[in-house]
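Engineer: The structure is given below, and queries will be raised subsequently.
The values are calculated or read from the model by the stated rules, or taken from the named source; none is laboratory data. Worth saying up front: this structure is predicted, and the values here are computed from it rather than measured. Methodologically, a virtual Cβ is constructed for each residue, glycine included, from the backbone with ideal geometry; neighbour enumeration extends over all protein chains shown.
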Amino acid sequence: MATRSRKTPEASTAAPTASQPPATGPGAEQSQNIWLAGLGAMARAQAEGSKAFDALVKQGLDWQSQAREQIAEVTQRAEALAASAAPAAAGRWNALEGIFEQRVARALASLGMPDTDAVARLEARVAALEQALAAKTGADEPAPAKARPRAAAKRG
């Protein structure tokens, strides 16, 4: 009858850890040296990795401060340029505004529309006539004018 062989926990195939060196046996010294070389390589990689990381952090901080200085310099130049260009732009805008107002006034005049001065003079005359009328009729204040209905638009 065949029996199964039982493996003992000591004979497991798990990889050795740092706290558990490889088992002894034939070639144990060579295995031990390979094990120690691996641990040494890992320690060196960790030490050099942290040094490299620290160097990268320092370089990043240097680059960040240089970038901030350059951004501040460019911002100052842009603000100075905008400040020097603002008066010229405002002057040109005012000139364009004046031209536009003149053209609108000419267009309204060609349509027979009175300008603001003519409307102001008419308002003053109407107010004077209302006062004169009120003085003759004895009324304290003139009655408000009724709004005329607008003519309906023709649809064609």
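Engineer: Take ALA80 and decide whether it is surrounded by 10 or more Cβ atoms within 10 Å (Cβ to Cβ), in contact with a Pro (Cβ under 6 Å, 6 or more places away or on another chain) and among the hydrophobic types (A, V, I, L, M, F, W, C).
Structural biologist: No; evaluated as a whole, the condition is false for this residue.
Engineer: Taking GLN66, is it at pLDDT below 90 and either assigned to a helix (DSSP H, G or I) or out of contact with any Cys (no Cβ under 6 Å at 6 or more places or on another chain) (or both)? Break it down stepwise before answering.
Structural biologist: Working: at pLDDT below 90: no; either assigned to a helix (DSSP H, G or I) or out of contact with any Cys (no Cβ under 6 Å at 6 or more places or on another chain) (or both): yes.
Criteria not met by GLN66.
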